[in-house]
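K.L.:
Below: one structure in structure tokens.
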Amino acid sequence: MDIVKGNMGWIEVVCGPMFSGKSEELIRRLRRAEIARQRVQIFKPAIDKRYAESEIVSHSDLRIPADIVSGARDVLDKMDPRTEVVGIDEAQFLGAELVEVAQKLADMGKRVIIAGLDTDFLGRPFEPVPQLMTVAEEVTKLLAICVRCGNPAKHTQRLVASDELIVVGAHGTYEARCRRCFEPPPAGQPAASKQKNRS
Ligand code: ADP
Ligand code: ZN
């Protein structure tokens, strides 16, 4: 953000497919806020148990401590009024209410930085990140590298057969693919909205 006067809050969204560097970028911004001696609170959803419980861990093993929350409302409940910067990872698991919660926090004067997937395993918009992008002051869309051909990758390719919207992946469950190499599951496999944890 350029020049912000007074204690105005705002929303930054960092989106893209898996492996695009969203967690790295979130951690980088939060570290810089800490270096500036700002009061920072960091959250991640309980569903992402691939790595350490109370840390955000990037695929390149950058780490930062984080509070586990069960949903967007939990973020509000745990908010310290003195907090200046709020970091949230894996926004796609926090529900539609995150849009309202993020705006509430920004209206309170906080800088809200949210990272999450913008598309699902079929390449469709993955709420609430698309809605967060519309209410944000700043959007950063990152790309990964296609593991098939080396081109910029905007897709998260699911490698295991499942029609569930959420399958939390350990290694080998997902990979980054470009638009040419992306292979959405065949039609007739409707995406259910039930959650399943297969990590
Ligand atoms: P995200 O939060 O978007 O899933 P991370 O920040 O956790 O991404 O990890 C990004 C890191 O993953 C990269 O810096 C790189 O070291 C590693 N990586 C592994 N596979 C890929 C890939 N296909 N494209 C880009 N980076 C990759
Ligand atoms: Zn490709």
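K.L.:
Looking at Gln92 and the list (1) more than 14 Å from ligand 1 (Cβ to nearest atom); (2) not in a loop (DSSP other than H, G, I, E, B), which single condition is not satisfied?
P.N.:
(1)
K.L.:
Give the range 130-159 a look and list any residue that's closer than 21 Å to Pro45 by Cβ and part of a loop (DSSP other than H, G, I, E, B), or say none.
P.N.:
Result: Ala136, Leu142.
K.L.:
Here's something else I'd like to know. Based on this model, can you work out whether Asp89 counts as modelled with pLDDT of 95 or more, touching an Asp or Glu at 6+ places or on another chain (Cβ under 8 Å), buried (at least 24 other Cβ atoms within 10 Å of the Cβ) and of a type in the set (D, E, K, R)?
P.N.:
yes
K.L.:
While we're here: Consider Gly6 carefully, then state whether it is at positive phi and either surrounded by 15 or more Cβ atoms within 10 Å (Cβ to Cβ) or hydroxyl-bearing (Ser, Thr, Tyr) (or both).
P.N.:
no
K.L.:
Another question, then. For the range 75-89, name all the residues that are away from ligand 1 (no atom under 16 Å from the Cβ), touching a strand residue (DSSP E or B) at 6+ places or on another chain (Cβ under 9 Å) and in contact (Cβ under 8 Å) with a residue 12 or more places away in the chain.
P.N.:
Val75, Lys78, Met79, Asp80, Thr83, Glu84, Val85, Val86, listed by residue number.
K.L.:
Name the single residue that is farthest from ligand 1 (Cβ to nearest atom) among those in the range 9-37 being surrounded by fewer than 14 Cβ atoms within 10 Å (Cβ to Cβ) and in a loop (DSSP other than H, G, I, E, B).
P.N.:
Checked the range 9-37; the qualifying residue farthest from ligand 1 (Cβ to nearest atom) is Arg37.
K.L.:
Counting only residues that are within 9 Å of ligand 1 (Cβ to nearest atom) and within 13 Å of Glu183 (Cβ to Cβ), how many does the range 130-152 have?
P.N.:
Number of matching residues: 2.
The values are calculated or read from the model by the stated rules, or taken from the named source; none is laboratory data. Just so we're clear, the structure is a prediction, and the values are computed from it rather than from any experiment. We place every Cβ from the backbone using ideal geometry, glycine too, and count neighbours over all the protein chains shown.
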